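Engineer: Could you have a look at this structure, given as structure tokens, before my questions?
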Amino acid sequence: MKTYLVIGAERSGIAVTQALLFNKQSVILTDTKDFNVIAKASPAIAEAFEALPKTHLSCFFGSQIPKSVVNGVSAVIPSPGVPLTIPVIQEAYKKNIPVISEVEAAYRMTQTPFVGITGTNGKTTTTSLTGEIFKLDDRYPNVYVVGNIGNAVTHYVNTSTAADLYVAELSSFQLETTASFRPKAAAILNLSPDHLDRHGTLDNYYKAKAKIFKNQTPEDLLVINADDDNVVKYTADAKSRKISFSMKKRVVPGIYQKEGKVYIAETDDPEKDVLVTSISDITIKGPHNVMNAMAAIGLTYFSGVSLENIRKGLKDFKGVEHRQEFVATIDGVDYINDSKGTNTDATITALKVMEKPTILIAGGYDKKEDYSKLMGFIKDKVKLMILLGDTAKNIASTADQCGYKDYIFVKDYPEAVKTAKEKAVSGDVVLLSPACASWDMFANYEDRGNLFKQLVKA
């Protein structure tokens with residue numbers, strides 16, 4: 001029996017602990033928060049914890065676990081949000097004890113193949129859409145949409161089989177501590193600055209994303225955005241079979257759009273290109289969602305899914321919660337929940353599709369982003385910006401430098417929604433798209449979006 005140190009007693013930490021215990025391993029589970037604090041914030045986590053078998057489980061809550069604990073473990077498995085700089089992880093590196101992600105642990109415990117999707121923006125939509133299309137393919141008894149969306153991967157490792165399929169949204173935090181992880185198909189949607197507070201440099205961040213294809217072979221599929229110079233650069237040495245997608249040009253082999261239609265090109269002869277769909281028949285709207293759809297087409301078509309099922313999936317898929325999600329129209333004002341807009345590029349994407357005067361609610365946890373690019377879109381689209389959270393003053397300072405003065409500060413979300421309602425007139429849009437992570441005020445962006453929706457509906 002081996003012993004594993006699991007750091008972080010939340011969704012992925014509880015799931016990997018349960019999987020390890022099921023496989024007759026011993027686990028030390030630790031979190032710097034007291035467990036009653038965790039349980040109060042998430043009753044579902046508390047329920048999952050109480051259901052764990054306790055025979056080979058020991059727990060250490062409320063402070064940093066002593067570094068000496070690593071002397072008795074086979075591997076350390078930190079939750080995605082746990083910094084790799086904490087003392088116990090640094091001690092593990094010093095002692096050459098493996099530090100692996102929950103995704104890596106899942107990969108080692110299952111025979112179920114993976115489709116992995118990463119990128120700075122669009123991951124959740126593309127993963128959800130890809131999963132829905134694969135579910136229409138009767139080759140797979142079960143398709144599990146997992147990872148940085150929904151359930152942790154290890155939630156299913158004790159029940160999934162080699163005939164099933166994981167479609168996984170993968171963040172840089174999850175990928176940077178993978179070692180042997182090898183998805184049979186993967187996609188890198190785009191690469192732009194994000195999480196510099198964690199990775200330090202753009203190169204480190206992009207290299208973490210690139211680990212999604214590190215272990216792939218020519219038998220495996222890698223779908224890449226041919227319009228993104230960073231993606232092209234960081235996938236140049238991939239050994240995988242590359243499939244490109246592009247809004248700007250015909251790519252072979254790949255997926256491209258031309259005159260409002262999406263095509264698949266498999267040969268050098270354009271006459272043999274296959275029409276997939278008209279863009280008007282894709283239910284999720286906006287150029288960014290056409291890109292997401294093309295990535296999903298690449299992953300599914302070149303994995304053997306029929307065009308009939310792909311077309312049905314594209315037409316039936318209605319989008320994902322917290323991503324440009326319509327909440328309500330009240331007194332002629334539309335309220336849109338884009339809590340998944342956790343970086344500036346995501347908020348820019350949301351603003352691009354706003355066709356009405358917009359009141360933007362923004363601010364949150366500081367990931368050390370530059371807000372100057374965002375200001376160009378705010379000046380064009382936003383009649384009022386309501387700021388809160390750790391980054392409120394930084395965003396306001398950038399706005400001042402760019403000559404934008406139409407912003408106000410609020411202390412919390414009830415005040416933000418109340419203020420937006422007071423300032424909005426019929427024909428406006430109130431858009432929650434924070435351009436920041438949620439961790440200064442919430443456990444995750446889902447909690448932030450859910451509170452916004454509750455406040456709007458109230």
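Engineer: Go ahead and run the numbers for FRET between D400 and E266, Cβ-Cβ distance against an R0 of 60 Å, rounding to 0.05.
Structural biologist: Details: r = 52 Å, r/R0 = 0.87.
My answer for the efficiency is 0.70.
Engineer: Additional query: Could you tell me what percent of the accessible area of the chain is made up of carbon and sulfur, with a 1.4 Å probe and every protein chain present? Don't skip to the end; give the middle numbers.
Structural biologist: Numbers: 9640 of 19240 Å².
The nonpolar share, carbon plus sulfur, comes to 50 percent.
Engineer: Using each residue's phi in the stretch 202-217, evaluate 6.51 cos²θ - 1.76 cosθ + 1.60 at θ = phi - 60° and report the 3J(HN,Hα) Karplus result to the nearest Hz, with x for Gly and Pro.
Structural biologist: Along the stretch 202-217, the couplings run 4, 4, 4, 5, 5, 5, 5, 4, 5, 5, 4, 10, 3, 9, 6, 10 Hz.
Engineer: Stretched out fully, how many nm does the piece from N96 to K54 gain, at 0.36 nm a residue minus the Cα gap?
Structural biologist: Details: separation 42, 0.36 × 42 = 15.12 nm, distance 2.84 nm.
Extra length available between N96 and K54 comes to 12.3 nm.
Engineer: Name the long-range amide H neighbours of V167: under 5 Å, sequence gap of 5 or more, or other chain; modelled H, no Pro or chain starts.
Structural biologist: V115, Y144, V145, V146
Engineer: Near the amide H of T277, under 5 Å away, which other amide H atoms are found, from residues 5 or more places off or on another chain, if H is placed in the peptide plane?
Structural biologist: Under 5 Å from the amide H of T277: V262.
Engineer: Could you rank D281, D268 by how accessible they are, 1.4 Å probe, largest area first? Write down the numbers at each step before the final one.
Structural biologist: Numbers: D281 75, D268 135 Å².
The ordering from most to least exposed comes out as D268, D281.
Engineer: Give me the distance in nm between label points sitting 7 Å out from Cα along the Cα-to-Cβ direction at K207 and R139, one decimal.
Structural biologist: So the two model labels end up 3.5 nm from each other.
Engineer: Right, next: For the stretch 290-317 and the stretch 324-401, compute the distance between their C-alpha centroids and round to whole Å.
Structural biologist: With the stretch 290-317 and the stretch 324-401 each reduced to a Cα centre, they are spaced 31 Å.
Engineer: Here's something else I'd like to know. For P(r) over Cα pairs in 10 Å bins from 0, in percent, the listed values are (i) 4, 20, 29, 27, 16, 4, 0; (ii) 5, 22, 32, 26, 12, 3, 0; (iii) 4, 18, 27, 24, 15, 7, 3, 1, 0, 0; which was obtained by calculation from the structure presented?
Structural biologist: Here P(r) over Cα pairs in 10 Å bins from 0, in percent agrees with entry (i).
Engineer: Next up: Mind checking which lysines have their C-alpha under 19 Å from K95, skipping anything on the same chain fewer than 8 residues away?
Structural biologist: Cross-link targets: K2, K67.
Engineer: Full-extension gain between K373 and K2, please, as 0.36 nm times their residue separation minus the C-alpha to C-alpha distance. Working shown, then result.
Structural biologist: Numbers: separation 371, 0.36 × 371 = 133.56 nm, distance 4.96 nm.
Length gained between K373 and K2: 128.6 nm.
Engineer: Could you do me a favour and compute the accessible area per residue for the chain, 1.4 Å probe, result in Å²?
Structural biologist: On the way: 19240 Å² over 458 residues.
Result: 42 Å² of accessible area for each residue.
Engineer: Oh, and also: For the stretch 3-99, go through all pairs of different Cα atoms, get the mean of 1/r, take its inverse, and jot down that Kirkwood value in Å. Can you show the working numbers first?
Structural biologist: Working: mean 1/r = 0.0750 Å⁻¹.
Kirkwood hydrodynamic radius for the stretch 3-99: 13.3 Å.
Engineer: With θ set to phi - 60° and the Karplus curve 6.51 cos²θ - 1.76 cosθ + 1.60, what are the ³J(HN,Hα) couplings of the stretch 403-410 in order, to the nearest whole Hz, using x for Gly and Pro?
Structural biologist: Per-residue couplings from phi come out as x, 9, 10, 8, 9, 9, 9, 9 Hz.
Engineer: Would you mind counting up the charge near S63? Only other residues with Cβ under 12 Å from its Cβ, with Lys and Arg at +1 and Asp and Glu at -1.
Structural biologist: Values: positive: K33; negative: D31, D34.
Taking every other residue near S63 into account, the sum is -1.
Engineer: Give the longest segment of the chain that steers clear of GluC sites (Glu not before Pro) in DSSP loops with at most 10 neighbouring Cβ atoms within 10 Å, not counting the sites themselves. Please list the in-between numbers first.
Structural biologist: Values: sites that count: E219, E259, E355.
It works out to 1-218.
Engineer: With only Lys, Arg, Asp and Glu charged, each at its Cβ (+1 for the first two, -1 for the last two), find how big the charge dipole of the chain is about the Cα centre; round to the nearest 20 debye. Each step should come with its number before you reach the end.
Structural biologist: Numbers: 54 positive and 53 negative charges, 100 e Å.
Dipole of the chain, to the nearest 20 debye: 480 debye.
Engineer: Same structure again: Taking amide H positions as placed in the peptide plane 1.01 Å from N, state which residues far from A75 in sequence (5 or more) or on other chains have amide H under 5 Å from it.
Structural biologist: Residues meeting the criterion, in which the H sits 1.01 Å from N, are L5.
Engineer: Counting only helical runs of four or more DSSP H residues, what would the 222 nm mean residue ellipticity of the chain come to if each run contributes -39,500 (n - 2.57) and the total is spread over all its residues? Mind showing how you got there, number by number?
Structural biologist: Details: 17 runs with 157 residues, N = 458.
That comes out to -10000 deg cm²/dmol.
Engineer: Which ³J(HN,Hα) values, rounded to whole Hz and listed in residue order, are derived for the stretch 332-343 from phi using the Karplus coefficients 6.51, -1.76 and 1.60 in 6.51 cos²θ - 1.76 cosθ + 1.60 with θ = phi - 60°, glycine and proline given as x?
Structural biologist: Residue by residue, the stretch 332-343 yields x, 9, 7, 10, 10, 9, 10, 4, 5, x, 9, 8 Hz.
Engineer: Between the stretch 128-177 and the stretch 413-458, what is the C-alpha centre distance in whole Å?
Structural biologist: Here the answer is 30 Å between Cα centres.
Engineer: Let me ask something else about it. Quick one: Cα centre-to-centre distance for the stretch 208-285 and the stretch 41-80, in angstrom?
Structural biologist: 41
The values are calculated or read from the model by the stated rules, or taken from the named source; none is laboratory data. Note that the coordinates shown come from a computational prediction; the quantities given were computed from them, not determined experimentally. We place every Cβ from the backbone using ideal geometry, glycine too, and count neighbours over all the protein chains shown. For accessibility, only protein heavy atoms count, side chains too; no ligands or nucleic acids. Shrake-Rupley method; radii C 1.70, N 1.55, O 1.52, S 1.80 Å.
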